[in-house]
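Since the structure comes first, as structure tokens, the remarks are kept for the end.
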Amino acid sequence: MIMVTGANGQLASLTLRELAGRDVPALGASRTPSGEQRHLDFDEPASLDLTGVSTLLLVPAGYAEDDRVIVRHRAVLDAAVRDGVSHVVYTSLTGAGDHLGFALAHRATERMIRTSGLGWTILRNGLYAELFGALLSWVPDGLESAFGDGALAAVARADLAAAAAIVASDPTAHAGRSYDLVGAPITAAEIAGQLGVAHRTIGLDEYRARLLADDTLLPFQPPMLASIATSVRHGFLDNTSPDLGQLLDRPPIAPLAVAAKAAAARQP
Ligand SMILES: NC(=O)c1ccc[n+]([C@@H]2O[C@H](COP(=O)([O-])OP(=O)(O)OC[C@H]3O[C@@H](n4cnc5c(N)ncnc54)[C@H](OP(=O)(O)O)[C@@H]3O)[C@@H](O)[C@H]2O)c1
């Protein structure tokens, strides 16, 4: 049995839908399970029951400081070993993302997986096209961001879900492999152009000041978001790779329209 964690999150729910569409039996695990789903919370050791699971698709719970994320992932991997899981598929972060504020927790998890004794496949996911679009701010005359002219090899979340479903369906074919799953590089100006508006760049100091003034953000989020901005702006996230198209056996979804849709959805 395949188990997918974070079942009510966006990536995991799309992956479960992909698996169902391929007639591959899979079980969702969630902090708030519904229907057939199993209750599983990385923060609650008693809930980490992986009995009967052969392949664990571990979707990270990345919204916290590194120490919390790493303890969570350690706990679920220990449970996987204890309960006889054969293979773990982990949705990680693109190799080009090492400068990002949340890279360390992903790389630490990859290390734990490689030394766990479990079979493994690492899916090094690029940043979502949906995220890129959503990170542009609307101003009266168009869109604004700190991304400058930098390009991001953005990837549609649906493609990452399809890739995860393909790998989880046949894990031994992908054992011991890491895939870099990124899309075509796109810029903030191209997203704005797609929507028929202008894009204006702001400096990183102004961007960080705005983030720090936003009391809806958790303390770890301003540095995380500023790290995305500087990495894109300075050309550290425009890496391309054939891995996604090869895994999907089709061209990846063009990320520009996906990013533009996400930006448009936030227009006041
Ligand atoms: N590549 C990118 O651009 C990008 C962007 C943002 C995030 N991410 C990372 O990729 C992951 C999946 O992305 P997404 O878009 O699906 O994010 P999402 O919609 O926010 O889903 C995250 C899910 O993580 C699960 N989760 C949170 N805390 C948990 C805990 N303590 N124990 C078990 N599960 C927990 C939750 O699932 P349940 O509600 O079912 O419990 C939550 O819905 C994120 O969690 C984050 O680590 C990647």
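The values are calculated or read from the model by the stated rules, or taken from the named source; none is laboratory data. This structure is a prediction, so every number in the text was calculated from the model and none was measured. No Cβ is skipped: glycine too gets one built from the backbone with ideal geometry, and neighbour counts run over all protein chains shown. For accessibility, only protein heavy atoms count, side chains too; no ligands or nucleic acids. Shrake-Rupley method; radii C 1.70, N 1.55, O 1.52, S 1.80 Å.
The residue list SER241, SER227 contains one member that is in a loop (DSSP other than H, G, I, E, B) and of a type in the set (Ser, Thr, Tyr), which is SER241.
Flag set for ASP159, criterion: of a type in the set (D, E, K, R) and surrounded by 22 or more Cβ atoms within 10 Å (Cβ to Cβ).
With respect to (1) over 20 Å from LEU248 (Cα atoms); (2) of a type outside the set (Ser, Thr, Tyr); (3) touching a Ser or Thr at 6+ places or on another chain (Cβ under 9 Å), the lone exception for ARG68 is condition (3).
Output yes when any residue across region 167-188 is at pLDDT 95 or above, more than 30 Å from LEU19 (Cα to Cα) and crowded, with 18+ Cβ neighbours inside 10 Å, and no when none is. Let's see the steps before the verdict.
Initial filter on region 167-188 (at pLDDT 95 or above): 167-188.
With more than 30 Å from LEU19 (Cα to Cα) added as a condition, the list becomes 187-188.
From what is left, the residues that are crowded, with 18+ Cβ neighbours inside 10 Å are 187-188.
Yes, because at least one residue in region 167-188 is at pLDDT 95 or above, more than 30 Å from LEU19 (Cα to Cα) and crowded, with 18+ Cβ neighbours inside 10 Å.
Among the numbered conditions (1) out of contact with any strand residue (DSSP E or B) (no Cβ under 8 Å at 6 or more places or on another chain); (2) open to solvent by 10 Å² or more (accessible area, probe 1.4 Å); (3) not in a loop (DSSP other than H, G, I, E, B), the only one that TRP120 does not meet is (1).
Across region 2-53, which residue is surrounded by the fewest Cβ atoms within 10 Å (Cβ to Cβ) among those that are on the phi > 0 side of the Ramachandran plot and at pLDDT 95 or above?
The selected residue is ASP23.
Quick check on region 126-151: of everything there that is under 17 Å from ILE202 (Cβ atoms), within 19 Å of the chain's Cα centre (by Cα) and not in a helix (DSSP H, G or I), which residue is nearest to the ligand (Cβ to nearest atom)? Among those residues, the one meeting the criterion is LEU135.
Listed by first and then second residue, the pairs linking a residue in region 15-29 that is within 22 Å of ASP49 (Cα to Cα) to a residue that is more than 16 Å from the ligand (Cβ to nearest atom), with Cβ atoms under 6 Å apart and 6 or more places separating them unless they lie on different chains, are VAL24/SER169; LEU27/MET1. Total residues in region 247-260 satisfying the condition of being farther than 18 Å from PRO185 by Cβ and open to solvent by 30 Å² or more (accessible area, probe 1.4 Å): the figure is 2. Checked against the criterion of being free of Cβ contacts under 8 Å to residues at least 24 places away in the same chain and crowded, with 17+ Cβ neighbours inside 10 Å, region 221-242 has at least one qualifying residue.
Among the residues in region 112-122, are any closer than 28 Å to LEU217 by Cα and more than 15 Å from the chain's Cα centre (by Cα)?
Narrowing region 112-122 to residues closer than 28 Å to LEU217 by Cα: none.
There is no residue in region 112-122 that is closer than 28 Å to LEU217 by Cα and more than 15 Å from the chain's Cα centre (by Cα).
Of the residues making up region 168-175, none is without any contact (Cβ under 8 Å) to a residue 24 or more places away in the chain, of a type outside the set (Ser, Thr, Tyr) and in contact with a Pro (Cβ under 7 Å, 6 or more places away or on another chain).
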